[in-house]
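Worksheet: one structure, shown below.
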Amino acid sequence: MMTKIRTIGVFSMLTFSIAATAQESFELKGTVTEAKENGMVMLSYNDGTRFRYDTTRVRNHSFSLTGKILQPGRSMLYIEHITKQDEAQYFFLTGGTTSVKGKRVGSSEIEGGKAQSEYNLLLDQWKNVGWEPLSTSEKSKSVKMKKDSVSLAFLKSYPSSPVSFWLMEDLATASFIGENREKVAPVYEKMDSEWRASKNGKKIAGLLETAKKLGVGMPAIDFTMNDTLGKPVRLADFRGKYVLLDFWASWCVPCRGENPNVVKAWQKYKDRNFTVIGVSLDKESDKQKWINAIHMDDLTWTHLSDLKGWDNAAARAYEVRSIPMNYLIDPQGKIIGVALRGNALGEKLEEILQ
């Protein structure tokens, strides 16, 4: 995703109350019976000031790492195994002792501080509804919905937990907030006030505010913009059709990577009352690159731009902060999908156009 604001990574630092908090010492020790003798152990974590990658070696199936951490944070443990298939597992690193025990790190039991206990509880609740966090297989929509329901319930029960801060940040995509604002907003309001005032908390507040105007069920904002030949085109002229309003740019690598998914959806559903309107955030100086990208990527639908880059009028109206970004609009002009990427677009279209 190309963005004009700094994105938050997997190990995002909780940025509130840092000045008033002292670092705590930790020890991470483990016994993993299928770990490779002399194999590498790597711990990735945020110590409160920077990301760290501490390493050691396996001795007699065991290892130990020590250090200091400012506050509990989701971290990753990687270990080389006897087989070529190495593994990793996420957990919450806290002050004090954290133990790892099992045959392989991916299935090991990790016990530690309060945050890790709460994380283990969340993982168990996910497993009970059929969700395996480390699985790469596609999950059914019903399982994803159950997992999201469990996550929201956890947030309600643990509003001040570091696990909840991470979980809310993980859930808070434009797509999820756009579809679930009414469920997420009251949960967010009851979370720790200091966290809500943090950089990450404010980012989510912004997504919730945007969803008030541009979430599922809201009317699409009409606009008029020129196409590649300079002819003005109005969004409202496409009423009566399902429209994917797709924000992108020729210079945006993730956008170009996403284009094949849009092309696939277009080819399958274009004769079933579906169309696409591409809105480019290219600048006037890149007009020819925009047109070339349209042809190179075989984007055979309507294309619009005022060639003002991030100041694109439609992008400002739709509060686009990163691209690719899209909105799926129904024939009555209401938004029915937000940020549908990858297989999500095809799944949604199959649902409504079957």
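Summarising the overall dimensions of the stretch 271-354 from its C-alpha atoms, the Rg and Dmax are 13.9, 42 angstrom. Taking the Cα atoms of the stretch 25-95, the ratio Rg/Rh between the radius of gyration and the Kirkwood radius comes to 0.98. Close amide H partners of M218, meaning residues 5 or more places away or on another chain with modelled amide H under 5 Å apart, are I335. Projected label points at E37 and K84, each 7 Å from Cα along the beta carbon direction, are separated by 2.2 nanometres. With helices as the sole contributors, the chain gives -10500 deg cm²/dmol at 222 nm; each DSSP H run of n ≥ 4 counts as -39500 (n - 2.57), and the sum is divided by every residue. The simple Förster model, with R0 at 22 Å and r as the Cβ-Cβ distance, assigns R52 and S99 a FRET efficiency of 0.65. One decimal place: the segment E351-D170 gains 62.6 nm when fully extended, by the rule 0.36 nm per residue minus the C-alpha distance.
Once you sort the root eigenvalues of the Cα gyration tensor of the stretch 91-192 as a ≥ b ≥ c, which label holds: rounded (a/c under 1.5), prolate (a/b larger than b/c) or oblate (the other case)? Oblate. Inter-label distance, S142 to D237: 4.5 nm, where each label sits 7 Å from its Cα along the C-beta direction.
Cross-link partners for K183 among the aspartates and glutamates, with Cα-Cα distance under 14 Å and sequence neighbours closer than 8 places in the same chain left out: D148, E209. Considering only C-alpha atoms, what is the centroid distance from the stretch 96-113 to the stretch 208-286, in Å? Spelled out, the Cα-based centre of one part sits 47 Å from the other.
Amide H contacts for K68 (H built 1.01 Å from N in the peptide plane; partners 5 or more residues away or on another chain; cut-off under 5 Å): F26.
Placing R0 at 45 angstrom, the Cβ-Cβ distance between E284 and S160 gives a FRET efficiency of 0.35 after rounding to 0.05. Listed cross-link partners K212/K264; K156/K212; K29/K114; K101/K147; K231/K348; K29/K127 are compared with a 28 Å cut-off, the Cα-Cα value being larger for K212/K264; K231/K348. Approximating the spin labels as points 7 Å out from Cα along Cα→Cβ, the A185-to-K199 distance works out to 2.8 nm. When the chain is treated as a Gaussian network with alpha carbon springs shorter than 10 Å, the biggest mean-square fluctuation among V276, V338, V58 belongs to V58. Roughly how far apart, in whole Å, are the Cα centres of the stretch 54-92 and the stretch 171-198? Going from one Cα centre to the other spans 31 Å. Of the accessible area of the chain, computed with a 1.4 Å probe over protein heavy atoms only, carbon and sulfur atoms account for 51 percent. Rg and Dmax of the chain, based on Cα coordinates, read 23.3, 72 Å.
The values are calculated or read from the model by the stated rules, or taken from the named source; none is laboratory data. In this text, all values refer to a predicted model and were calculated from it rather than measured experimentally. As a convention, Cβ positions derive from the backbone with ideal geometry for all residues, glycine included, and neighbour counts pool all protein chains shown. These accessible areas exclude ligands, DNA and RNA; they are computed on the full protein's heavy atoms, side chains included. Shrake-Rupley method; radii C 1.70, N 1.55, O 1.52, S 1.80 Å.
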